[in-house]
Amino acid sequence: MSAESTIECHPITIAPGASRLFADFCAGASEVRPFYATALAGNFWRQASARPAHWSRIVDLLAAQNPSAAASIAALRAGAGTVLTGQQVGLFGGPLFTGFKAATALARARQATVSGQPHAAIFWLASEDHDFAEIDHVTFPGRHELKKLVYSSKPSAAVPVGSIVFDETIAPLLDEAAEWIGWSDALEALQAAYRPGRTFAQAFADFYSKVFAAQGLLVFDAASPEVHNLGAPVLLAAIERADELHAALLDRNRALTEAGYHAQVAVGAGSSLLFLIDSESGVRQSLKRTPPTAAEPNGLWQAGRNRYSTSELAGILASEPHRISPSALLRPVFQDFLFGTSLTIGGPAEIAYFAQSAVLFERILIPLGGRVTPVQARFSATLIEPAIGDLLRRHDLAPERIFSQTRDSLAQLLAARAMPIEGKRKLAAAGNALDAELTEVEEWMSRLDEGLGRSARTAAGKMRYQMNRLRRLAAGFQLEKEAALGRHAQTIVQAIFPNGAPQERVHSAAYYFARHGLGLAEEMVTRASSDSPGHTMIWL
């Protein structure tokens, strides 16, 4: 980003797809407060929470994983608090919003530090997730098309994705990325991180450690026996009090639904908060509860074809703690037990998780000396590159209007605007006259008879449709006459609303770091410093 980049701030609802729960959370609506309580973050979070008893050990583990972040580690050893965010370990750094998450955590840590409460930002690698299809690809934007690169060496089973080792097929993917984004410091960081023999987690961590090195970002992979051993009290509570926690979540989901919101994570019969890695295959399987019987009054647990008693699971946790991992709902409790987190930064899904997870904080973390950790929404933005900005200005388009357009509808709009003024006037005059006359006829017939009025409105609607069809025919002729308009529409939509989704969810983060330099990281942190949880248009 250049120093001349400008920003426009909008409500979060300007970008399609925001749930009512997330929109109300961002707006601070009173209706969401029962589901977040103290988790709604004001500035009080900047006072670091109490350090857990295992603090020195967890900082040692952080230090081992972040050898180049000495200043941040020193701050933690001196008593700094933590701001935490995280994401799955996507190919080549994943989508753009991943960078926005890191930037928001860094911005909040910086703000707290400036206010006299030192904090460091930690990026949690969701390396234990097992949905490979969510992280095996990356999409680079181009002038006329999107380039999707896919790592095709799929594991034969649902193993934790962070542990998957790249084979030789990663090299040609890097070559394709280089052809698409060109040489840059970001490309060199990708080439250094994504090599045969490295894992998804290692490569992802190395890339973002490099991108946000100047800002002091810490990355953390929890998929080790030692980390799980430190977090064992949370996992053990989820084992021993499974039925109580399941009932609490069912009650919370019911309350969310009755309030007109959605439950982000379904809580079905027999579901639990835990996964178990099979000791032989390495497959990560969900642990399910089976009802109590006369033979097993305490019920059993099942993972795949194997059954376990509660004491057997507790034994696995004691001897092989890395085999048991938290679900999406339990993960924030597990994280905050480990780090005594002052603030968690989340996207729309994580914010929705918290509405459910709050009951787990209350029942697990508070008795262990913790609290319901405050949560804030991550920075959300659309980056408008100079060439796209030129097209928007040329066609007098506000970027937010693109969120309601497809390639074809935008092409029609551009063609209509490019129509000679005489044609525009004739169509406008005809349309206005038709509408006025039809409105008078509809009102008159409605006064005569209500049923007749309904028939009149139906017939009038068909006439208005035909009038709009005349407009589309004229615009279509103009579009054929000026073929460049279709290309412009394609370029604009792919840049701002690709595949009918916000740019930040589709485009590669690495693409923007390559095109605009690693200095983009600092600009992201600066822009994310705003406490307004809206959507920002950034003209580069």
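The values are calculated or read from the model by the stated rules, or taken from the named source; none is laboratory data. What you are looking at is a predicted structure, and each value in this text was computed from that prediction instead of being measured. Note that each Cβ is placed from the backbone with ideal geometry, even for glycine, and that neighbours are counted across all protein chains shown. These area figures cover heavy atoms from the full protein model, side chains too; ligands, DNA and RNA do not enter into them. Shrake-Rupley method; radii C 1.70, N 1.55, O 1.52, S 1.80 Å.
Just add up the charged neighbours of D60: K/R +1, D/E -1, any other residue whose Cβ is under 13 Å from the Cβ of D60.
The answer is +1.
Could you compute the net charge surrounding N468? Neighbours are other residues with a C-beta less than 14 Å from the C-beta of N468; K and R count +1, D and E count -1.
Its environment carries a net charge of +4.
Sticking with the crude label model, points 7 Å out along Cα→Cβ, report the distance from R33 to W444 in nm, one decimal please.
Using points 7 Å along Cα→Cβ, the separation is 5.6 nm.
Counting only residues 5 or more places away or on other chains, whose amide H sits under 5 Å from the amide H of G299 once H atoms are built in the peptide plane?
Result for G299 returns T293.
Taking only DSSP H segments of four or more residues, each worth -39500 (n - 2.57), what value at 222 nm results for the chain once the sum is divided by all its residues, to the nearest 500 deg cm²/dmol?
It comes out at -15000 deg cm²/dmol, rounded to the nearest 500.
Got a sec to turn the phi values of the stretch 119-130 into Karplus ³J(HN,Hα) couplings, 6.51 cos²θ - 1.76 cosθ + 1.60 with θ = phi - 60°, whole Hz, x for Gly and Pro?
9, 10, 9, 10, 9, 7, 7, 7, 6, 8, 4, 10
Mind checking the full-extension length gain between L452 and A501? Use 0.36 nm per residue of separation minus the Cα-Cα distance, one decimal, nm.
Computed gain between L452 and A501 is 13.3 nm.
What number comes out for accessible area per residue over the stretch 255-337 if the probe is 1.4 Å? Units Å², please.
That works out to 47 Å² for each residue.
Convert each backbone phi in the stretch 247-254 into a coupling constant with the Karplus relation 6.51 cos²θ - 1.76 cosθ + 1.60 (shift: θ = phi - 60°), then list the ³J(HN,Hα) values in order as whole Hz, x for Gly and Pro.
Couplings: 5, 5, 5, 4, 5, 5, 4, 5 Hz.
Among 332-341, 96-105, what's the highest-first ranking by average C-beta atoms within 10 angstrom per residue?
The most tightly packed comes first, giving 96-105, 332-341.
What residues qualify as long-range amide H neighbours of G347, i.e. H under 5 Å apart, gap of 5 or more or another chain, H built at 1.01 Å from N?
Excluding prolines and chain starts, which carry no amide H, the hits are R378.
With +1 on the Cβ of every Lys and Arg and -1 on the Cβ of every Asp and Glu, and nothing else charged, how large is the dipole of the chain about its Cα centre, in debye rounded to the nearest 20?
So the dipole magnitude of the chain works out to roughly 760 debye.
Scan around A381 for amide H atoms under 5 Å from its own, H built in the peptide plane at 1.01 Å from N, and keep only partners 5 or more places away or cross-chain.
Amide H neighbours of A381: T536.
Protein chains only, probe 1.4 Å: how do C9, C26 rank by accessible area, largest first?
So the residues, ranked largest to smallest area, are C9, C26.
Net charge near L76: determine it from the other residues with C-beta under 14 Å of the C-beta of L76, scoring Lys and Arg +1 and Asp and Glu -1.
That sum, taken over residues with Cβ under 14 Å, equals +2.
So if I place +1 on the C-beta of Lys and Arg and -1 on the C-beta of Asp and Glu, and nothing else carries charge, what would the dipole magnitude of the stretch 55-188 be about its Cα centre? I want it in debye, nearest 20.
760 debye
Stretched out fully, how many nm does the piece from S309 to K426 gain, at 0.36 nm a residue minus the Cα gap?
Between S309 and K426, full extension yields an extra 34.2 nm.
If you average the sequence gap of Cα pairs under 8 Å that are 6 or more apart and divide by the length of the chain, what percent do you get for the contact order?
About 25 percent, as a whole number.
If I compute solvent accessible area with a 1.4 Å probe over the protein chains, what percent of it on the stretch 381-497 is carbon and sulfur?
In the stretch 381-497, the share of accessible area belonging to carbon and sulfur is 55 percent.
May I ask you to evaluate 6.51 cos²θ - 1.76 cosθ + 1.60, the Karplus curve with θ = phi - 60°, for each residue of the stretch 506-514 and list the ³J(HN,Hα) values in order in whole Hz, giving x for glycine and proline?
10, 5, 5, 5, 4, 4, 6, 5, 6
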